[in-house]
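*Asks:* Shown below is the structure under consideration.
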Amino acid sequence: MNLTAITATLGKYRSDDIECLIEELPRIKNDEQGYVVYMVFDIKHKKIYFESGEPVKEDTAKQFLYFGNNSGSGFQYYLNRDAESLSYLLTSTISDLYNMLCKYDMQGGKMALIIKKMEDSGLVTLSKKKGAGNINYKMFLLPDNYLIKGLTENTNKAKITLSKSTEDGDKVVSPEQFIRIGIGEKNKKNRFLLVVPVVLQEDGQRVVLSEYPEYIKLVKLDKNIENESCTPSLQSKKVCYICHKEKDDVKTEDYIKNFDRKGINKLFEITTKNTSQILDNFNYENTYSICHDCYLDLLNGDKKIQKMFRGKIAGEDVFILPEGLIKDFDYNFLYKLKREADLALKEDDANNWLQNIEALASVDEIVYYSLNFVVYRTDGTSFSVLQTIEDVPTVRFKKIMELIGHNVNMMWQHIKYMSLASIYRLIPVYQDKNSNKWTGKVLSLYKALLCGEQIDMNELFSYACEGLDKGLNQLKKDEVKNYFNMGLAEYKKNYKDYADDYFIRNLIMGYLILFNVCRQLNILINDKACHDEKKEVSNMQSIKTASENVNNSINDMENFLDMQQYTNEAKALFYLGVLIKRVAIYQMVKEHKTKPILKKIQFQGMTNIEIYRLYNEVVEKLRQYKRLNIFTETVMNRFHYYYGCIKDTWKLDGHANVFYIMSGYAYMVSSSMPDATEEEQEIEREEIIIGKEDND
């Protein structure tokens, strides 16, 4: 993946150089309406006040040149701010703007002269020191005798402290609440998203400061968008790292300092600087310098990626970047591919996704593209990469979805849907009190699956057991406190008394599908089903007992086990899980919906000896509950048949043992017990009905 080349190529498609600085306005709910609000500086009457403006539209940010906040420790001279950043307008913005005009010898222009008039009228205080200017709070006109006393802190998102001469005590309000007070707006559905400074001159002329040509020129100069005349070098020209052309305006430091701290270009800056520190005598200025045209392409490409090529994977932010292999670059087609990849990481049903992608124009051409994923975190001021998944052929991406969909169809009685997105629910992700998520395991699994790296089946067993352990513990609580990625709150809400059973079923069946997909992709290692040299005991002839229902039930289980390529050890454990479910059904009837038998299972892993001890305890429970009959005895027979063949050469580890036990339990969540009493059948019917309602 050539990240800078992708970014620069995307950035070539622009209508105006300044658009690479335009930020998106804060998002609001569908039932809310955003508005522009004007902060009016009335020079003649020496007043400052708010005035409600027009509704926010799709192009409002571009129309009013909304650049967000100035990054880093530079002058905060951007004029138009979102409501949360109002503190800058109340403090240093006008003063910093004047200092920047002076820096670029523009103090003789119309904008600078207006700012001096604002100072002369007492509306603002200018200072040569960065961040030291202010507006005159005493001239801010507010209703109900409110006065501005100060700010809680002179930084972004500071709150405003108000006072009343007629009341004791101060009132601390948010920036948006302050605006509401200023214009008398009480409808909370009307949101004030953008604050635009306006000056009302002595002659009554009204001017929007950000519309002055000097302001646009200043921003372009400060951000190196407007290339100052470059004197041809007397020495040899440098070659641009991106376009590979010799130019006079090739450099690095002056350009990369303007890259967005939360954007993908930050990777380029970090990489070049870190490389120069690691390698002796390595000059990144010579190696990674870029020309002015490519700099603009990177700025604009970064903005497009943040706006159009951003998605989610495993609950983390991700840039999804399609890349052409041998075909000509097609911007629109790349964006369509991004949307489909993003949908695959959100859509729970692989088959639905496959139907959607078939409608993609020129679907046959996806073979000419690959996908790149940059998983990252940002707090608005820094950027860190969690994982990169590079050069994933789109045909492989589609193939994985096809395999998942096919395996779901093969197991439709036990699981209704699954997708790439569902893998995120299979591994418990811990979240600390600061909402930081520990997603390393699931991101590594995604990378291995998409890039064709080997996946250890024993590791997947440990993930599954950890998921069972953490999930079931959370479901016992009145409220889910952690591991939210597993959808535990939805289980408690949708399945009620059967939440634990359906959680077990969906998690186990999800892993079985994942095993099969990995086998079919030939990336699963330590897979006993595929690597045992000794041929496993083949399925016996059809089960024949005195009960036709029992015969059909056991034969269906045998077919399921063969389809899932279970070893003899796994089959024995499966039947033990079936017996545990049989005990659990009785306990649900007699123990007020609880299942004490599940407490006997050690999700940290169980040895062969512990397995047989558990089997004896389960049989004893069946005797105690008087549930030893044709069905349970046939299942016990199946357990001994498979267990007896290999009990002295047991190959599965502790986590695998637990997984296969729970697979038998999970299988029976969707299947009826052929020997259930009327009371137990009612429990089963209720369980199945709730499951069907949720799937529908």
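*Asks:* Go through (1) surrounded by 12 or more Cβ atoms within 10 Å (Cβ to Cβ); (2) in contact (Cβ under 8 Å) with a residue 24 or more places away in the chain; (3) not in a strand (DSSP E or B) for GLU202 and report which single condition fails.
*Replies:* Looking at each condition in turn, GLU202 falls short on (1).
*Asks:* For the stretch 13-61, name all the residues that are of a type in the set (Lys, Arg) and assigned to a loop (DSSP other than H, G, I, E, B).
*Replies:* Taking the stretch 13-61 as the starting set, the residues that turn out to be of a type in the set (Lys, Arg) are 14, 27, 29, 44, 46-47, 57.
Result: ARG14, ARG27, LYS29, LYS44, LYS46, LYS57.
*Asks:* Tell me yes or no: at least one residue of the stretch 17-29 is more than 35 Å from the chain's Cα centre (by Cα) and either at pLDDT 90 or above or surrounded by fewer than 16 Cβ atoms within 10 Å (Cβ to Cβ) (or both).
*Replies:* Of the residues in the stretch 17-29, the ones more than 35 Å from the chain's Cα centre (by Cα) are none.
No, every residue in the stretch 17-29 fails to be more than 35 Å from the chain's Cα centre (by Cα) and either at pLDDT 90 or above or surrounded by fewer than 16 Cβ atoms within 10 Å (Cβ to Cβ) (or both).
This table checks each residue for (1) without any contact (Cβ under 8 Å) to a residue 12 or more places away in the chain; (2) open to solvent by 60 Å² or more (accessible area, probe 1.4 Å); (3) more than 27 Å from ARG396 (Cβ to Cβ); (4) more than 23 Å from the chain's Cα centre (by Cα).
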{"site": "TYR424", "(1), (2), (3), (4)": "no, no, no, no"}
{"site": "ASN434", "(1), (2), (3), (4)": "yes, yes, yes, no"}
{"site": "LEU443", "(1), (2), (3), (4)": "no, no, no, no"}
{"site": "MET457", "(1), (2), (3), (4)": "no, no, no, yes"}
{"site": "LEU460", "(1), (2), (3), (4)": "no, no, no, no"}
{"site": "GLY467", "(1), (2), (3), (4)": "no, no, no, no"}
{"site": "TYR483", "(1), (2), (3), (4)": "no, no, yes, no"}
{"site": "LEU488", "(1), (2), (3), (4)": "no, no, yes, no"}
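*Asks:* I would also like to ask the following. Got a sec? Which of GLU686, GLU617 is at pLDDT below 85 and not basic (Lys, Arg)? Spell out how you get there, then give the answer.
*Replies:* Numbers: GLU617 fails: at pLDDT below 85.
One residue alone meets the criteria, GLU686.
*Asks:* When the stretch 62-104 is examined, which residues are found to be assigned to a loop (DSSP other than H, G, I, E, B), closer than 21 Å to GLU119 by Cα and open to solvent by 40 Å² or more (accessible area, probe 1.4 Å)? Spell out how you get there, then give the answer.
*Replies:* Keep residues of the stretch 62-104 that are assigned to a loop (DSSP other than H, G, I, E, B), which gives 64-80, 91-92, 104.
Adding the requirement that they be closer than 21 Å to GLU119 by Cα leaves 75-80, 91-92, 104.
Correct list: PHE75, TYR104.
*Asks:* Filter the stretch 114-147 for residues that are under 28 Å from GLY72 (Cα atoms), open to solvent by 20 Å² or more (accessible area, probe 1.4 Å) and of a type outside the set (Phe, Trp, Tyr) and give the result.
*Replies:* Restricting attention to the stretch 114-147, the residues satisfying the condition of being under 28 Å from GLY72 (Cα atoms) are 114-116, 118-119, 123-137.
Checking which are open to solvent by 20 Å² or more (accessible area, probe 1.4 Å) leaves us with 116, 119, 125-132, 134, 136-137.
Hits for the stretch 114-147 are LYS116, GLU119, THR125, LEU126, SER127, LYS128, LYS129, LYS130, GLY131, ALA132, ASN134, ASN136.
*Asks:* I would also like to ask the following. From the set of residues in the stretch 74-110 that are in contact with a strand residue (DSSP E or B) (Cβ under 9 Å, 6 or more places away or on another chain) and hydrophobic (A, V, I, L, M, F, W, C), which is farthest from TYR38 (Cα to Cα)?
*Replies:* Here the answer is ILE94.
*Asks:* Quick check: anything in the stretch 554-567 touching a helix residue (DSSP H, G or I) at 6+ places or on another chain (Cβ under 6 Å), in contact (Cβ under 8 Å) with a residue 24 or more places away in the chain and over 24 Å from LEU460 (Cα atoms)?
*Replies:* The answer is yes, given that some residue of the stretch 554-567 is touching a helix residue (DSSP H, G or I) at 6+ places or on another chain (Cβ under 6 Å), in contact (Cβ under 8 Å) with a residue 24 or more places away in the chain and over 24 Å from LEU460 (Cα atoms).
*Asks:* I need every pair where a residue in the stretch 608-637 that is closer than 23 Å to GLU680 by Cα and free of Cβ contacts under 8 Å to residues at least 60 places away in the same chain has its Cβ under 6 Å from the Cβ of a residue that is open to solvent by less than 70 Å² (accessible area, probe 1.4 Å) and in a loop (DSSP other than H, G, I, E, B), sequence separation at least 6 or different chains.
*Replies:* LEU622/LEU628; ASN629/ASP675
*Asks:* Still on this structure: Without any contact (Cβ under 8 Å) to a residue 24 or more places away in the chain, over 40 Å from the mean Cα position of the chain (by Cα) and assigned to a loop (DSSP other than H, G, I, E, B): which single residue out of LYS129, LYS138 fits that description? Please lay out each step first, then the result.
*Replies:* Details: LYS138 fails: assigned to a loop (DSSP other than H, G, I, E, B).
Being without any contact (Cβ under 8 Å) to a residue 24 or more places away in the chain, over 40 Å from the mean Cα position of the chain (by Cα) and assigned to a loop (DSSP other than H, G, I, E, B) holds for just one of LYS129, LYS138, which is LYS129.
*Asks:* While we're looking at this one, here's another question. Restricting to helices (runs of 4 or more DSSP H) lying wholly in the stretch 285-377: which have 2 or more residues that are over 25 Å from ARG14 (Cβ atoms), at pLDDT below 80 and open to solvent by 10 Å² or more (accessible area, probe 1.4 Å)? Let's see the steps before the verdict.
*Replies:* Values: elements: 292-308, 331-344, 350-358.
Per the criteria, 350-358.
*Asks:* Quick one: in the stretch 621-662, of everything that is assigned to a helix (DSSP H, G or I) and among the acidic types (Asp, Glu), which residue is modelled with the highest pLDDT? Steps first, please.
*Replies:* Going through the stretch 621-662, the residues assigned to a helix (DSSP H, G or I) turn out to be 621-624, 630-649, 654-662.
After this cut, where a residue has to be among the acidic types (Asp, Glu) as well, the list is 633, 648.
Working: GLU633: 94, ASP648: 75.
Restricting to residues being assigned to a helix (DSSP H, G or I) and among the acidic types (Asp, Glu), the top hit is GLU633.
*Asks:* Within the bounds of the stretch 36-53, is there any residue that is open to solvent by 40 Å² or more (accessible area, probe 1.4 Å), modelled with pLDDT under 95, within 32 Å of the chain's Cα centre (by Cα) and closer than 19 Å to PRO197 by Cα?
*Replies:* Within the stretch 36-53, not a single residue is open to solvent by 40 Å² or more (accessible area, probe 1.4 Å), modelled with pLDDT under 95, within 32 Å of the chain's Cα centre (by Cα) and closer than 19 Å to PRO197 by Cα.
The values are calculated or read from the model by the stated rules, or taken from the named source; none is laboratory data. Keep in mind that what you see is a predicted model, and the values were worked out from it rather than measured. As a convention, Cβ positions derive from the backbone with ideal geometry for all residues, glycine included, and neighbour counts pool all protein chains shown. Keep in mind that these areas ignore ligands, DNA and RNA; they rest on the heavy atoms of the full protein, side chains included. Shrake-Rupley method; radii C 1.70, N 1.55, O 1.52, S 1.80 Å.
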